[in-house]
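Some notes on the structure that comes next.
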Amino acid sequence: MEREIDQAVSDLAGIAARLGLDGPRRTPEGSVAVERIEQVRREIAPLELPADVVYFWSNWDYRSFDVLDVRSIGLLSPMDALAERSGWVGLEYPSILLPLTRVQYSCLSIELHTASAEGGRLFDLSSHFESYLVGSGVVDMLTLLATALWRGSDPTGPGEDNAYFGLLDNKARELGSVEAGIPIGEWPQHWLEAEGFDEEGIAPRGATHSIAQFEAERQDRWPLHAFLRGEWKFQAGVGGVEYGSLTDETGSVVLRVPVDVPNVGLGSEKQVEFEVESVGPSEQTKPASVQLELFHSDIADLVVSRLERQTTHDPSLRVLAIRRADQS
């Protein structure tokens, strides 16, 4: 692994020389790299850094890859990687992916190891477009950067942006278009485990009621705890809350899903399982009144107006968790 990384860095050094630039340098003596890597390890625990990332950060000075600057490609330091990771998690990307580069509105991120699964896959994350698997490990990352850099430097070529992003598109197709920016309901199990979901939280429980049975029973008995299965249809979202309808062959029910509800079910799959609790008989009301304080100005009026038109909400009905209808 070390030899392959060193060779990939050497290839970048060769491109730098042809462009009249200094090549990458070894990490200097007395560097704080080891200390910073340990900080990253503590921050991501119990996830683990792949060995090739540790070797690269320990042995090559990220600040010396000036050749990448001419194409606005930035290698991240260990601490910058942590900060970047926090930003992508805020965009609902999985925390198991650690950014290693920054390129405009995207980054190349490495999959961390978990106790149950080996990581190391390389994903291109984008805040504007789809995000896909593009390789495996630091060597693939450096090779992608070197190839894009050289193609972008060719005056007869497609130009710097097309060279880089076109190359990533091709790699994604070659590897089967495996997505990273997919809804959490479609994440692999070890990604969900990295978010703190245990097997009990992931596994479906099986429907206890049809929707019609649940609606009828909760008129006379509460609190009523149930597992409902059906097709989820998003209707509106505002203030960290999503509204939608769950439908099975017997009927539909409108549900309010706050952002902090444990959710491993919502994705492109038609069937999902909702764990719900009714604390009283059905009482339909508009959601705008409980959300209005979150907004100001004319934009607030437009958002609330949309909610009023599209959905109603029963405050006696709470969503406790969302799971996949079938374990996968």
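Tabulated data
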| read-out | value |
| --- | --- |
| Among (1) modelled with pLDDT under 85; (2) in the same structural domain as ALA45 (by TED's automatic domain parsing) - the single one GLN235 does not satisfy | (2) |
| Residues (closer than 26 Å to VAL67 by Cα, crowded, with 17+ Cβ neighbours inside 10 Å and under 15 Å from the mean Cα position of the chain (by Cα)) located in the stretch 101-117 | SER106, CYS107, LEU108, SER109, ILE110, GLU111 |
| Selection count where residues are without any contact (Cβ under 8 Å) to a residue 40 or more places away in the chain and within 11 Å of VAL138 (Cβ to Cβ), scope the stretch 37-58 | 2 |
| Enumeration of residues in the stretch 123-137 that are modelled with pLDDT of 90 or more and outside any strand (DSSP E or B) | GLY137 |
| Yes/no for ALA81 being surrounded by 19 or more Cβ atoms within 10 Å (Cβ to Cβ), out of contact with any Lys or Arg (no Cβ under 8 Å at 6 or more places or on another chain) and modelled with pLDDT under 90 | no |
| Residue list for the stretch 34-80, filter: small (Gly, Ala, Ser), within 28 Å of ILE182 (Cβ to Cβ) and touching a Ser or Thr at 6+ places or on another chain (Cβ under 9 Å) | GLY74 |
| Test result for LEU108, at pLDDT 90 or above, in a strand (DSSP E or B) and farther than 19 Å from ASP61 by Cβ | no |
| Residues being charged (D, E, K, R) and within 23 Å of LEU167 (Cα to Cα) - total across the stretch 85-119 | 2 |
| Residue among GLY20, GLY14, GLY87, GLY74 that is among the small types (Gly, Ala, Ser) and touching a residue at least 12 places away in the same chain (Cβ under 8 Å) | GLY74 |
| Considering residues of the stretch 4-41 that are assigned to a loop (DSSP other than H, G, I, E, B) and of a type in the set (D, E, K, R) only, the residue surrounded by the fewest Cβ atoms within 10 Å (Cβ to Cβ) | GLU29 |
| Residues within the stretch 181-216 that are assigned to a loop (DSSP other than H, G, I, E, B), at pLDDT below 85 and among the hydrophobic types (A, V, I, L, M, F, W, C), tallied | 4 |
| Qualifying residue in the stretch 54-69 (condition: in a helix (DSSP H, G or I) and of a type in the set (Val, Ile, Thr)) | yes |
| Output for the stretch 265-283, where each listed residue is surrounded by 15 or more Cβ atoms within 10 Å (Cβ to Cβ) and at pLDDT below 75 | GLY265, LEU266, GLY267, GLU269 |
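The values are calculated or read from the model by the stated rules, or taken from the named source; none is laboratory data. Keep in mind that what you see is a predicted model, and the values were worked out from it rather than measured. Backbone-built Cβ (ideal geometry, glycine too); neighbour counts: all protein chains shown.
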